[in-house]
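The values are calculated or read from the model by the stated rules, or taken from the named source; none is laboratory data. Since this is a predicted model, take the numbers as computed values, not measurements. Heads up, the Cβs are rebuilt from the backbone with ideal geometry, glycines too, and the neighbour counts pull from every protein chain shown. For the accessible areas, the whole protein counts, side chains as well, though only heavy atoms, and no ligand, DNA or RNA atoms are used. Shrake-Rupley method; radii C 1.70, N 1.55, O 1.52, S 1.80 Å.
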Amino acid sequence: LWSMFPLDLEPKINKEILFEIISSWKNSLLNNIISSLVAYGPLLFVGIYFGMESFAFLYLAYISGFFLYENITLFLNSAMLHKFSSMDQSEMFRINMLHIMEYVSFVIVPLSIISVMLAKEIVTFFLGETWSNSAEILVFLFLAGLVKGVSEVSRIALIVKSKQSVISKIRLFEFLFLAAGMLALTKMLGLTGVAISIFLASLISSFLYLL
């Protein structure tokens, strides 16, 4: 069989394609590492600095605050990526991007506002009166999820234009600002200072995505 269908097993490496794969993998890995630091860094900090009870509360608040962002915005980014990748970088691309942002805003904005208004009732219902005074922490995380949920739809454009390095830089800036904010505000405001830092870092990164 080998004599009838000889195979040329000599490796032929296309350096240009190999470099593109390695570059894409490097940017993806860097982005994933920084994203993990942004997402889990505050939880780790709170667990060490405040203890496991505060860690558990912030974890639940984080899941609640970023629920819409993770299940609508990030889902759409993944689902619509192929469609936008096959679309010319034209006026239609921009119009479709604006339409998606409008649809996402139509869902996320009112639900987030309602959640902010009911934050104290949500905390009291699930955790009891003991944690009711900590509802403002949940408020800041709902607001952080709101701004990221609306703005990060634009990540599709950066991925389609092969600008993952821009995403990594925005994430890195967000992490640095988040770390600085936690160090500065935690001593004054405690756990609320961590929540405010998350919100401000999310607000700044959202602004950068929209530039």
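Values for this structure:
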read-out	value
Count - residues of region 121-131 that are assigned to a helix (DSSP H, G or I), over 16 Å from Tyr62 (Cα atoms) and open to solvent by less than 100 Å² (accessible area, probe 1.4 Å)	1
Filter result for Ala201 (free of Cβ contacts under 8 Å to residues at least 24 places away in the same chain and either open to solvent by 20 Å² or more (accessible area, probe 1.4 Å) or part of a helix (DSSP H, G or I) (or both))	no
Identity of the residue in region 173-191, assigned to a helix (DSSP H, G or I) and surrounded by fewer than 17 Cβ atoms within 10 Å (Cβ to Cβ), that ends up modelled with the lowest pLDDT	Lys187
Single match in Leu60, Leu111, Leu30 (criterion: modelled with pLDDT under 90 and either of a type in the set (D, E, K, R) or surrounded by 11 or more Cβ atoms within 10 Å (Cβ to Cβ) (or both))	Leu30
Some residue of region 5-18 being surrounded by 10 or more Cβ atoms within 10 Å (Cβ to Cβ) and at pLDDT 75 or above	no
Tabulated pairs, region 32-45, first free of Cβ contacts under 8 Å to residues at least 60 places away in the same chain, second outside any helix (DSSP H, G or I), C-beta under 9 angstrom, 6+ apart or interchain	Ala39/Phe66
Residue match in region 142-155 (condition: modelled with pLDDT under 95, open to solvent by 20 Å² or more (accessible area, probe 1.4 Å) and more than 12 Å from Ser202 (Cα to Cα))	yes
Scan of region 160-211 for residues that are more than 12 Å from the chain's Cα centre (by Cα) and charged (D, E, K, R), ordered by number	Lys161, Lys163, Lys169, Lys187
